[in-house]
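Chemist: Have a look at this one before I ask anything.
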Amino acid sequence: MAILSDKEKLMLKIQSCSFAMKEAELFLDTHPTCAEAIEYYKKHREMNEQYIKAYAEKYGVITMDQQSSDKKWNWVETPFPWERSVD
């Protein structure tokens, strides 16, 4: 059994939240007034935003729209999220 690095654990949290959000979106398509589902989606969206921010601060941006510099395109300066690094 492989031990996950902190980077991998954080990415797993992001992926889990993204999956939960997508499932909630599909449910809400057919149950648009379900308050419980709306709260579930909102909770996971907020958690996902926090995890993505933490990941970007530690390891670099995950998506191009997180690129923050107006003077340099820094998206390509760090390994892409799916590239494994040797820690």
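Chemist: Name every residue in the stretch 1-35 that is of a type in the set (Ser, Thr, Tyr) and either under 19 Å from Gly60 (Cβ atoms) or surrounded by 13 or more Cβ atoms within 10 Å (Cβ to Cβ) (or both), in order of residue number. Break it down stepwise before answering.
Modeler: Step one: list which residues in the stretch 1-35 are of a type in the set (Ser, Thr, Tyr), which gives 5, 16, 18, 30, 33.
Once the filter is applied, which keeps residues that are of a type in the set (Ser, Thr, Tyr) and either under 19 Å from Gly60 (Cβ atoms) or surrounded by 13 or more Cβ atoms within 10 Å (Cβ to Cβ) (or both), the stretch 1-35 yields Ser5, Ser16, Ser18.
Chemist: Starting from the stretch 1-28, keep only residues that are polar (S, T, N, Q), then list their pairs with residues that are modelled with pLDDT under 95 whose Cβ atoms are within a distance under 7 Å, requiring at least 6 positions of separation or different chains.
Modeler: Ser5/Asp87
The values are calculated or read from the model by the stated rules, or taken from the named source; none is laboratory data. Just so we're clear, the structure is a prediction, and the values are computed from it rather than from any experiment. Heads up, the Cβs are rebuilt from the backbone with ideal geometry, glycines too, and the neighbour counts pull from every protein chain shown.
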